[in-house]
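J.: The structure under discussion is supplied below as structure tokens; questions concerning it will follow.
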Amino acid sequence: MFNQYPISDEIIKALEEMGYTTPTEVQAQTIEKILNSEDLIVNAKTGSGKTAAFGVPIIEKIEKKGKAPKALVMTPTRELAIQVAKELEQISKFKKIVCYTVYGQHNIETEIKNLDKGVDIIIGTPGRLLDHLERETFNPTKIDYVVLDEADRMLDMGFIDQVSMILKQMPKERNTYLFSATMPFEVRSIAWEYMKEPDTIEISSDTKTVDIIEQQYVKLERHEKRIYLDRFLALYQPQGCIVFCNTRRCVDMVLEFLKQNKYKADALHGAISQARRTKTIEAFKNGKFNILVATDVAARGIHVDNLDLVINYDVPIDHDNYVHRVGRTGRAGKGGKAISFVTGEDLMTLYEIEEHIGVMIPEGELPSYSKAHRKSKQVAKKTMQKKLPRFEDEEVKKTRVVKGTARKPERMPKPAKKTKQKATVKTDQVPTNKVSAAKTAEIIQNYKANKTKKSFWQRLKAIIKR
Ligand code: ADP
Ligand code: MG
């Protein structure tokens with residue numbers, strides 16, 4: 001219960017309204033320490049409730065006096081800044097703390113005016129925050145608390161220098177909190193440079209949220225991706241689904257395909273204007289459409305209730321992004337599925353991801369058209385025949401002509417025993433089926449030495465069985 005902490009009734013009441021009755025593990029471990037003014041490095045997976053973990057104690061401690069901000073929260077993206085601000089506003093609803101968000105593409109004049117009116121918590125992306133510091137429109141002298149949210153992503157996005165420049169301008173007498181789902185070495189070292197003997201809190205990943213995500217990968221050819229995207233959507237009928245692509249072009253293409261096929265879908269990527277991105281996220285959260293096609297940057301940290309399916313249309317190149325993508329589903333204890341589309345070229349990347357998360361992701365079955373659409377009541381029988389060819393790429397059509405028969409249900413890899421087992425994202429537990437590093441190196445070497453895909457997997461499976 002939140003009332004076990006020395007937190008004012010105003011905040012407890014707000015948390016009740018938000019439906020937060022019991023603190024999540026990360027909240028249970030951080031709230032008191034932040035209340036006691038300790039610097040913290042918190043490593044907890046995505047979806048574990050990190051925002052309230054710093055939001056609750058900081059809002060409790062902030063004193064509303066003067067115009068200058070008392071707390072600063074840095075986030076790597078605009079979307080995340082807006083999301084964090086929303087949560088902080090909810091928590092501080094009765095305490096009437098003023099939260100304000102600054103980010104690139106936002107009108108700077110408006111921002112300046114609002115900052116001038118007085119702000120208690122400033123939330124923003126590093127570039128824009130620096131801009132305000134340089135213009136002296138953000139007065140940092142009263143800052144007591146600094147939060148680096150999703151610090152690993154700030155590193156990835158090349159913000160670390162800007163973050164350091166901002167930290168250097170903050171008052172020495174302050175507390176700094178670093179929150180991250182993964183903790184690359186560079187982030188840790190930055191932390192040590194700018195923090196006062198921080199305590200490190202690592203939340204082991206075997207707690208609910210990510211564990212209940214059922215992960216699988218399917219092997220397919222590049223030109224089959226669209227067909228199977230349609231089939232998995234038909235099969236699982238997700239209430240909410242994010243389809244991740246590696247490039248903007250791919251996002252646009254997939255969106256067009258989904259729209260053509262009458263799915264309720266929209267897209268997010270860096271080239272879409274901020275105003276539209278914000279609207280899109282709102283509409284997605286409100287269930288106006290149920291399939292969001294996005295790149296990593298645009299979807300970072302976004303959480304939506306009822307997101308029950310994540311599809312990696314492309315395998316993420318950055319291994320941490322796998323964790324972040326998959327973590328979009330299974331939020332706050334709800335189950336979810338994650339499917340990765342893996343082509344021959346992606347096999348090594350997938351393998352590296354498995355190494356990274358320390359778990360074997362089981363191979364799933366490619367659903368046949370009839371299996372996929374049996375469930376889909378909306379797809380009326382008569383449209384079934386018409387619909388199929390439209391999903392297919394030219395190449396697939398050609399294959400069909402060559403074979404001279406209707407396309408058989410695609411290869412149905414025998415559902416290996418593994419298929420049933422649940423894979424989970426665990427960062428700090430060594431699962432029993434993990435292959436030793438030496439063996440891994442050996443397998444990779446053999447694989448690189450032109451062994452066939454098949455023999456690679458056979459060897460891998462054989463080794464795991466041992
Ligand atoms: P993270 O930053 O660790 O990825 P968030 O702070 O975004 O996680 O929270 C993830 C989800 O869990 C959000 O939907 C949030 O509203 C919800 N949540 C957070 N804390 C609680 C709580 N104590 N009780 C119920 N839901 C919570
Ligand atoms: Mg977060």
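Each reported figure results from applying straightforward, stated rules to the coordinates on display, with no laboratory input. No experiment lies behind these values; they were computed from the predicted model shown. No Cβ is skipped: glycine too gets one built from the backbone with ideal geometry, and neighbour counts run over all protein chains shown.
J.: For region 2-104, count the residues as N, evaluate 2.2 N^0.38 Å, and divide the Cα radius of gyration by that value, please.
T.: 1.03
J.: Continuing with the same structure: Taking R0 as 41 Å, what's the FRET efficiency between R222 and E193 from their Cβ-Cβ distance, rounded to 0.05?
T.: The formula returns an efficiency of 0.40 here.
J.: Just how far, in whole angstrom, is region 229-272 from region 52-123 if you go by their alpha carbon centroids?
T.: 33
J.: Moving on to the next point. Nothing charged except the Cβ atoms of Lys and Arg (+1) and of Asp and Glu (-1): what's the magnitude of the dipole of region 213-383 about its Cα centre? Round to the nearest 20 debye.
T.: So the magnitude is around 1240 debye.
J.: Counting other beta carbons within 10 Å of each Cβ, put F54, F289 in order, fewest first.
T.: F289, F54
J.: Can you list which of the trypsin sites (Lys or Arg not before Pro) found in region 113-177 are DSSP loop residues with at most 10 other C-beta atoms within 10 Å?
T.: K172
J.: Distance from a point 7 Å along Cα→Cβ of K142 to each backbone N in region 70-109: keep the residues under 11 Å and list them by number.
T.: 70-71, 98
J.: So which aspartates and glutamates pass the test for K219, namely a Cα distance under 14 Å, with those fewer than 8 places away in the same chain ruled out?
T.: Here the aspartates and glutamates satisfying the reach criterion relative to K219 are D314, E345, D346, E363, E365, E410.
J.: Among rounded, prolate and oblate, which fits region 213-383 when a ≥ b ≥ c are the square roots of the eigenvalues of its C-alpha gyration tensor, a/c under 1.5 means rounded, and a/b larger than b/c means prolate?
T.: Taking the square roots of the gyration eigenvalues as a ≥ b ≥ c, region 213-383 is rounded.
J.: In this model, which of K86/K285; K70/K113; K33/K96; K86/K279; K61/K113; K225/K259 are farther than 20 Å apart at the alpha-carbon?
T.: Too far apart for the 20 Å limit: K33/K96; K61/K113.
J.: Using 0.36 nm per residue of separation minus the Cα-Cα distance, give me the extension gain between T278 and S8 in nm, one decimal.
T.: Stretched out fully, the T278 to S8 stretch lengthens by 94.0 nm.
J.: At q = 0.08, 0.09, 0.15 Å⁻¹, work out log10 I(q)/I(0) for region 2-202 with the Debye formula, treating every Cα as an identical point scatterer and leaving solvent out; two decimals please.
T.: -0.23, -0.29, -0.86
J.: Given +1 on the Cβ of Lys and Arg, -1 on the Cβ of Asp and Glu, and no further charges, what dipole in debye does region 2-202 carry about its Cα centre, rounded to the nearest 20?
T.: In debye, rounded to 20, region 2-202 gives about 560.
J.: Could you work out the relative contact order of region 195-305? I mean the mean sequence separation of Cα pairs under 8 Å and 6+ apart, divided by the number of residues, in percent.
T.: So the answer I get is 27 percent.
J.: Please arrange D131, D296, D305 by how many other C-beta atoms lie within 10 Å of their C-beta, fewest to most.
T.: Fewest-to-most Cβ neighbours within 10 Å comes out as D305, D131, D296.
J.: Here's something else I'd like to know. What is region 2-202's relative contact order, in percent, from Cα pairs under 8 angstrom and six or more apart in sequence?
T.: Computed over region 2-202, the figure is 28 percent.
J.: Turning to a different aspect of this structure: Round to the nearest 0.05 the FRET efficiency obtained for E134 and M18 when R0 = 41 Å and r is the Cβ-Cβ distance.
T.: 0.70
J.: Turning to a different aspect of this structure: Which shape class, rounded, prolate or oblate, goes with region 199-305 when its Cα gyration tensor gives a ≥ b ≥ c as root eigenvalues, a/c under 1.5 marks rounded, and past that a/b bigger than b/c marks prolate?
T.: oblate
J.: Let me ask something else about it. Quick one: the Cα spread of region 1-49 along its three principal axes, in angstroms, biggest first?
T.: So the three principal-axis extents are 28, 25, 13 Å.
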